[in-house]
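Undergrad: Please find one structure pasted underneath; my questions will follow.
The values are calculated or read from the model by the stated rules, or taken from the named source; none is laboratory data. Every value quoted in this text rests on a predicted model; they were computed, and no experiment measured them. So basically every Cβ, Gly included, is an ideal-geometry build from the backbone, and we count neighbours across all protein chains shown.
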Amino acid sequence: MDKPGRIASHLARNLASLRHARRLTQAALAKAAGLPRSTIANLESGEGNPSLAVLVKVATELGVPIDELLSSPRAKVRKWRADELPSQARGRGVTQRALVPEPVPEEMLVMMELAPGAAMAGTPHLPGTREYFSCLEGAVTIFVAGERYDVASGEVLAFPGNTSHSYRNTATARAMGISVVILAKAGV
């Protein structure tokens, strides 16, 4: 097989693998990337001859660099240094960063660090969304629809994500936890 043929074959295999790993249909990926479904189908069959613009759109939607789409098959291993993981300050004294640095369809996975006295209002989601907070260190007080729940290290609190909620660390030591949000599908 000539080099362009090998690259098309790599693209076909890598694209299908990445799409399946993210539980996306060809139609869903095409819609998100602003492309016809037939374009994705052609790329996955090895018959496509995509422009750079098409590759950029597909790679962006899959959350990977273009070279990962075109490279020869290899173990899909990637290590992120701590300084490569974006974090953001939220509320008063709360720092959040994505627990998994690649997109996970229909889920939000966030590591939360709460300084002593920290507080943050949660963002209500669509009805049907479910949230889980797993306390890893210290203790966190979570208010859900006006009710108080104290969550200690090792404990998990689950609640409807569409209700008002907030997080507080009332202790004198930092607290850490993982927030997992299973998003409801729109229109469900």
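Undergrad: Give all pairs with beta carbons closer than 9 Å in which a residue from region 133-148 that is outside the structural domain of M176 (by TED's automatic domain parsing) meets a residue that is modelled with pLDDT of 95 or more; count only pairs at least 6 apart in sequence or on separate chains.
TA: none
Undergrad: A further question follows. Note down all Cβ pairs under 6 Å where the first residue falls in region 104-121 and is touching a residue at least 12 places away in the same chain (Cβ under 8 Å), the second is of a type in the set (S, T, Y), and they're at least six residues apart or on different chains.
TA: Within 6 Å, the pairs are V110/S179; M112/S179; E113/T95; P116/T172; M120/Y167; A121/S166.
Undergrad: Where residues in region 151-170 are out of contact with any Leu (no Cβ under 9 Å at 6 or more places or on another chain) and over 22 Å from R92 (Cα atoms), which of them is surrounded by the most Cβ atoms within 10 Å (Cβ to Cβ)?
TA: F159
Undergrad: Where residues in region 42-68 are hydrophobic (A, V, I, L, M, F, W, C), within 25 Å of the chain's Cα centre (by Cα) and surrounded by fewer than 16 Cβ atoms within 10 Å (Cβ to Cβ), which of them is nearest to R6 (Cα to Cα)?
TA: I66
Undergrad: Kindly indicate whether any position in region 1-10 is in contact (Cβ under 8 Å) with a residue 12 or more places away in the chain, crowded, with 18+ Cβ neighbours inside 10 Å, in a helix (DSSP H, G or I) and basic (K, R).
TA: Looking for residues that are in contact (Cβ under 8 Å) with a residue 12 or more places away in the chain, crowded, with 18+ Cβ neighbours inside 10 Å, in a helix (DSSP H, G or I) and basic (K, R), one finds none in region 1-10, hence no.
Undergrad: In region 17-31, what residues are among the hydrophobic types (A, V, I, L, M, F, W, C), surrounded by 16 or more Cβ atoms within 10 Å (Cβ to Cβ) and part of a helix (DSSP H, G or I)?
TA: The answer is L18, A28, L29, A30.
Undergrad: Here's another thing I want to ask about it. Which pairs do you get when a residue that is in the same structural domain as H20 (by TED's automatic domain parsing) and touching a residue at least 60 places away in the same chain (Cβ under 8 Å), found in region 37-52, comes within reach of a residue that is of a type in the set (G, A, S) and not in a loop (DSSP other than H, G, I, E, B), reach meaning Cβ atoms under 7 angstrom, with the pair 6+ apart or on two chains?
TA: From residues that are in the same structural domain as H20 (by TED's automatic domain parsing) and touching a residue at least 60 places away in the same chain (Cβ under 8 Å), there are no pairs.
Undergrad: Are any residues in region 58-84 assigned to a helix (DSSP H, G or I) and farther than 19 Å from S9 by Cα, and if so, which ones?
TA: T60, E61, A82, D83, E84
Undergrad: Can you confirm whether R13 is touching a residue at least 24 places away in the same chain (Cβ under 8 Å), touching a Gly at 6+ places or on another chain (Cβ under 9 Å) and under 30 Å from M112 (Cα atoms)?
TA: no
Undergrad: If you don't mind, there's one more thing I want to ask. Quick one: R148 ticks every box in (1) at pLDDT below 95; (2) within 19 Å of G91 (Cα to Cα); (3) of a type outside the set (S, T, Y) bar one, so which box is it?
TA: Result: R148 passes all but (1).
Undergrad: Now, a different point. So, of the residues in region 32-41 that are of a type in the set (A, V, I, L, M) and either more than 24 Å from the chain's Cα centre (by Cα) or not in a loop (DSSP other than H, G, I, E, B) (or both), which turns out to be farthest from K185 (Cα to Cα)?
TA: A41
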